[in-house]
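Engineer: Below: one structure in C-alpha cells.
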Amino acid sequence: MKIFSLFSKKKDFYSQSGQDQFAYNLIGKNGTYLEIGGHDPIINSNTYNLETKCHWKGLSVEFDLFHKNAWEKSEERSNKILWQDAFKVNYM
C-alpha cells in the first residue's frame, strides 16, 4: 500500500523531513512545484530530487544571496530561482 511509504524516510530523498518523498507519493513524476525558501540547491533541499530525478518543473524563491554561488555552481539544477523577497514576487 503506497500510503505506508510516507512514514519511512528513504535515503534517496534529500529534504530534511521527507517533504520531497511526500510530494512524490502524492503526485509521482512530472509534477510542478513552487518552493519558497530555496536555500541550498542540494543540502536539505525539498526540490532537488523532484527536479533532477522525477522531472518536476518549478520555481524556487530565495532571499538570502549567501546561497547564490551554490546555485550557480549546481549543474543539475536548471529550473528557475528568483533572488527576491517571496512577499514581493508577482506570481501571476
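Every number here is computed from the coordinates shown, using simple stated rules; none is lab data. Computed from a predicted structure; not experimentally measured. Please note: Cβ atoms are built from the backbone with ideal geometry, for glycine as well, and neighbour counts cover all protein chains shown.
Engineer: Among the residues of the range 65-92, which ones are in contact (Cβ under 8 Å) with a residue 24 or more places away in the chain and either closer than 22 Å to Asp20 by Cα or exposed (fewer than 10 other Cβ atoms within 10 Å of the Cβ) (or both)?
Structural biologist: Hits for the range 65-92 are His67, Ala70, Trp71, Ser74, Glu76, Arg77, Ser78, Asn79, Ile81, Ala86, Tyr91.
Engineer: Take the residues in the range 44-92 that are among the polar types (S, T, N, Q) and closer than 14 Å to Tyr24 by Cβ, then tell me which one is nearest to the chain's Cα centre (by Cα).
Structural biologist: Taking the candidates together, the pick is Thr47.
For (1) more than 16 Å from Tyr14 (Cβ to Cβ); (2) touching a helix residue (DSSP H, G or I) at 6+ places or on another chain (Cβ under 7 Å), each residue gets a yes or a no:
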site	(1), (2)
Ile36	yes, yes
Ile43	no, no
Asn46	no, yes
Ser60	no, no
Asn69	yes, no
Ser74	no, no
Met92	yes, no
